[in-house]
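**Q** If you scroll down you'll find the structure; I have some questions about it.
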């Protein structure tokens, strides 16, 4: 059997589900992508997250329009994150520069560019070095980086003062999709995905990282931007042709771009190996699905409980990590930014985080506190709690909570 035909057979047999994903799977994946956004290290955690605010307006047609160039370029976005390696990659001949926009619901999404290669970025994920198997390098460090710009159609009316992050843009999922693979089975979550975001002039710039998608260039590769997991509600999948299209009647955000990848970049052997490994992972996950569902349910209950603990309860029930404490002064826009820090014993690095106190502390008085983030799994959690001080500053405290020790 020819290599291409063999790959087609894998696409049809191994990765064509008999039914749509259930609600639990969708919610589980939603939680996992939010965890990836919070951390620079590529890890998988089962952390429940706040409910997603979905857009309730229809996507304004499927036609793609071209925007006037007013955005940062992909290399400039990489420079914002002080990622010199990725900045140089976006300046290289191998990078693809685009300026293609779609308006969906309250958002205008612009695809700015992409680049693929090995060991390009120092920030989006940390790698453990290349691994050699049978004389060939694995895809462990072979990544694709896609830069998008997301802005509100009525930004001046809706964005508010410094509340862009909380206004909903970060709940959008940017994901590659591949012709011949069902969107809800094969997407950013199954391709070791992660992202970094920054807001400049009411525009959110996002660098999305995933396994190198050039290997599927001969099949056809898309980029989806949606308000949840790429689902059968948002996108239509033709099992006969493998084509993926937008569901025009979907109430929400479901942008879809065609990625102009050179067909010569395709690697049928690498794609076949990748799909086999993904199928093995899926079978392994299915075997433990019932246990995972139970653990997710318990974690969700625990998350809601910890989120509402007062500062006094945190001090009595969790371990205060005093050396990680930060006193933060609001900037001219009223936002506060916590510096990045590491928890060495967990091998975990938490990136810089900017929040808007006006959102989290609405109606609260000095001395009161709120919990904004909970990171961890397997019975150990790290809680980020902010306290409003009398002098207008805010104190960030990190707590460690162990279920086994409680």
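The values are calculated or read from the model by the stated rules, or taken from the named source; none is laboratory data. Every value quoted in this text rests on a predicted model; they were computed, and no experiment measured them. Cβ placement follows ideal geometry from the backbone for every residue including glycine, while neighbour counts extend to all protein chains displayed.
**Q** Can you tell me which residue among 79, 93 is without any contact (Cβ under 8 Å) to a residue 12 or more places away in the chain, assigned by TED's automatic domain parsing to the domain that holds residue 206 and farther than 18 Å from residue 197 by Cα?
**A** Selected residue: 93, the only one of 79, 93 that is without any contact (Cβ under 8 Å) to a residue 12 or more places away in the chain, assigned by TED's automatic domain parsing to the domain that holds residue 206 and farther than 18 Å from residue 197 by Cα.
**Q** Answer yes if at least one residue in region 188-199 is farther than 25 Å from residue 80 by Cβ and either in the same structural domain as residue 110 (by TED's automatic domain parsing) or buried (at least 22 other Cβ atoms within 10 Å of the Cβ) (or both), and no otherwise.
**A** Yes, the conditions are met somewhere in region 188-199.
**Q** For residue 316, are the conditions met, namely being closer than 22 Å to residue 197 by Cα and surrounded by fewer than 17 Cβ atoms within 10 Å (Cβ to Cβ)?
**A** no
**Q** Then there's this: Just to be sure before I move on: is residue 279 modelled with pLDDT under 90 and touching a helix residue (DSSP H, G or I) at 6+ places or on another chain (Cβ under 7 Å) in the structure I sent?
**A** Spelling it out, residue 279 is indeed modelled with pLDDT under 90 and touching a helix residue (DSSP H, G or I) at 6+ places or on another chain (Cβ under 7 Å).
**Q** Name the strands (runs of 3 or more DSSP E) wholly within region 327-381 that hold at least 2 residues that are within 21 Å of residue 308 (Cβ to Cβ), touching a helix residue (DSSP H, G or I) at 6+ places or on another chain (Cβ under 7 Å) and at pLDDT 85 or above?
**A** 369-377
**Q** Among the residues of region 361-371 satisfying the criterion of being crowded, with 17+ Cβ neighbours inside 10 Å and free of Cβ contacts under 8 Å to residues at least 40 places away in the same chain, which is nearest to residue 312 (Cα to Cα)?
**A** The initial filter retains those residues of region 361-371 that are crowded, with 17+ Cβ neighbours inside 10 Å, namely 361, 369-371.
Checking the rest, the ones that are also free of Cβ contacts under 8 Å to residues at least 40 places away in the same chain come to 361, 370.
Working: 361: 18, 370: 12 Å.
Only one residue fits best here, namely 370.
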